[in-house]
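First up is the structure itself, then whatever we jot down about it.
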Amino acid sequence: MEYKDAAKRADFLAKITGENRMPPWSPEPGFGHFMDERRLTVSEKATIAAWAKAGAPEGDPGNLPAKPAFGSGWVLGKPDLVVEMPAEFTIPASGPDVYQCFVIPLPVTQDEAVVAVDFQPGNTKVVHHAILYLDSNGQGRAKADPVTRSFPSFGGPGIRPTGNIGAWAPGIRPGLLPEGTGRYLKKGSDLVLQIHYHPSGKEEKDKSRVGIYFSKVPVRNYVGAAGIRTRQWALRIPAGEPNFTVVEQSDPLPVPAKAIGILPHMHYLGKEMKVDAKLPDGSEIPLIWIKDWDFNWQGIYGYQEPVNLPKGTVLRMKAVFDNSTANPRNPSSPPIPVTWGEQTQDEMCICGVQVITETKKELRQVMDMLHGDLGMILGGGGLPEDAETQAVAMERTKKMERMVLWEYDADKDGKISKEELELVPKSNRDRVTLILRVMGKLK
């Protein structure tokens, strides 16, 4: 882009920067300090506005800096492993945005610790963002089309991932985790690469690739995550409701931890999400606040410096949804009642907080909290199973029992009634009923 390109759009540029529509950056200032912030200062926005008002005058061409050089190689040098989509994927010229998951086997013969990933979009005209999930159970392979080795999936990846090694959106630059820190990659895992495509006006093709970097030193700190989400039955948003609000919080952290990133998630009715940490001494640490939620610009936000969370800290989340005709992103016209689900017209309300701890034993305690597995899916991480981690692992049946009762036991009597079972989304009802029968928790 040159001066003449900007000058003829001067008023438009002043408008979209003044309204904070560009550059696209959702978190509010003062609620977390993040890497790769795409934010203009008040002074910078005022300069653009004054330039447009003055008729977009051109400065001295002799003072122009050198044009930036964008290399086609890998920012962090040659990766240890490079994988790409199985085949070119065709994006239609028009229509709704496309969310496609590509299943890519990872040829690793031993467990590894991932310290960085670099996503290279094959077609920048249509690739909007990408999330890199892990699958060590073959769920993606079973779901994928045998020819394209991919499947469509809006919102989540359509499977229960076993981890996550990163995400990409325009403006995000790859960076290395601190030495001795990594994300666990189990040998034999598949990469489930979820890409969001935005049609460009003509048919396009894409074949993106990913560079993965492994730790060269023994890993002392694995990345794990804590999770927060609302109960599925509580997310019932009436048609026409402009400010449906839900509030939720985590259990107290059983050990001290450091937050290194955060990933909030809602769909198209999302309006606002605020997450903070309440410390045992009563003080509060703001973690993120997105006042104008845009599903198309969600991301994983990495903190510039780790945030210390003492033992006993509670993570708190407040979310607001707009299911009215005033919401231009509402997928239903006229609005309809909306409940929890994976589809475009459904909603979610969850947040993963990436953490590291001093020991694997402590990280296992965090991940065995309620929604720790959800946090891992969103925020990445995981742990190799060894004597240290197994020694503190909760019995899985007890954890499942606690999860189901937390989710559906509305009257808190320790059992699920027929009426409470009706609150379970139909897609989950048979599975939940079976679990309750095994646990003896059905009334």
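The values are calculated or read from the model by the stated rules, or taken from the named source; none is laboratory data. This one's a predicted model, so the numbers in the text were calculated from it and none came from an experiment. Cβ: placed from backbone, ideal geometry, glycine included. Neighbour counts: every protein chain shown.
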Subject >> Residues located in the stretch 204-214, provided they are within 27 Å of VAL366 (Cα to Cα) and crowded, with 20+ Cβ neighbours inside 10 Å >> reply: ILE212, TYR213
Original post:
What number goes with the only condition from (1) at pLDDT 95 or above; (2) under 17 Å from the mean Cα position of the chain (by Cα); (3) not polar (S, T, N, Q) that GLU203 does not pass?
Top reply: (2)
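Filter the stretch 216-244 for residues that are within 21 Å of ASN327 (Cα to Cα) and within 21 Å of the chain's Cα centre (by Cα) and give the result. Working first, answer last.
Going residue by residue through the stretch 216-244, those that are within 21 Å of ASN327 (Cα to Cα) are 235-244.
LEU235 - this is the single residue of the stretch 216-244 that is within 21 Å of ASN327 (Cα to Cα) and within 21 Å of the chain's Cα centre (by Cα).
Residues in the stretch 67-79: is at least one assigned to a loop (DSSP other than H, G, I, E, B), among the aliphatic types (A, V, I, L, M) and over 26 Å from the mean Cα position of the chain (by Cα)? Reasoning before the result, please.
Going through the stretch 67-79, the residues assigned to a loop (DSSP other than H, G, I, E, B) turn out to be 67-79.
Okay, now just the ones that are also among the aliphatic types (A, V, I, L, M), so 69, 75-76.
So of that shortlist, the ones also over 26 Å from the mean Cα position of the chain (by Cα) come out as 69.
Yes: one or more hits.
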**OP:** Output the number of the condition that THR124 fails; it satisfies all remaining conditions of (1) farther than 17 Å from SER208 by Cβ; (2) surrounded by fewer than 16 Cβ atoms within 10 Å (Cβ to Cβ).
**Re:** (1)
Original post:
So how many residues does the stretch 295-353 have that are small (Gly, Ala, Ser) and under 18 Å from PHE34 (Cβ atoms)?
Top reply: 3
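Within the stretch 85-156, considering only strands (runs of 3 or more DSSP E) that don't extend past its boundaries, which have at least 2 residues that are within 20 Å of the chain's Cα centre (by Cα)? Spell out how you get there, then give the answer.
Numbers: elements: 89-91, 98-105, 112-120, 127-135, 150-152.
In the stretch 85-156, 98-105, 112-120, 127-135, 150-152 are the strands (runs of 3 or more DSSP E) which contain 2 or more residues that are within 20 Å of the chain's Cα centre (by Cα).
Listed here are the residues, each with its yes/no results for (1) in contact with a helix residue (DSSP H, G or I) (Cβ under 8 Å, 6 or more places away or on another chain); (2) aliphatic (A, V, I, L, M).
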{"residue": "TRP233", "(1), (2)": "yes, no"}
{"residue": "VAL247", "(1), (2)": "no, yes"}
{"residue": "LEU253", "(1), (2)": "yes, yes"}
{"residue": "LYS258", "(1), (2)": "no, no"}
{"residue": "HIS265", "(1), (2)": "yes, no"}
{"residue": "TYR268", "(1), (2)": "yes, no"}
{"residue": "LEU279", "(1), (2)": "no, yes"}
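To keep it simple, each residue is scored yes or no on (1) among the aliphatic types (A, V, I, L, M); (2) touching a residue at least 60 places away in the same chain (Cβ under 8 Å); (3) in contact with a helix residue (DSSP H, G or I) (Cβ under 9 Å, 6 or more places away or on another chain).
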| site | (1), (2), (3) |
| --- | --- |
| MET1 | yes, no, no |
| ARG21 | no, no, yes |
| PHE31 | no, yes, no |
| ASP60 | no, no, no |
| PRO107 | no, no, no |
Subject >> Pick from the stretch 187-203, criterion touching a strand residue (DSSP E or B) at 6+ places or on another chain (Cβ under 8 Å) and surrounded by fewer than 20 Cβ atoms within 10 Å (Cβ to Cβ), ranking: farthest from HIS129 (Cα to Cα) >> reply: LYS187
Original post:
Within the stretch 237-293, how many residues turn out to be without any contact (Cβ under 8 Å) to a residue 60 or more places away in the chain, of a type outside the set (A, V, I, L, M, F, W, C) and not in a strand (DSSP E or B)?
Top reply: 4
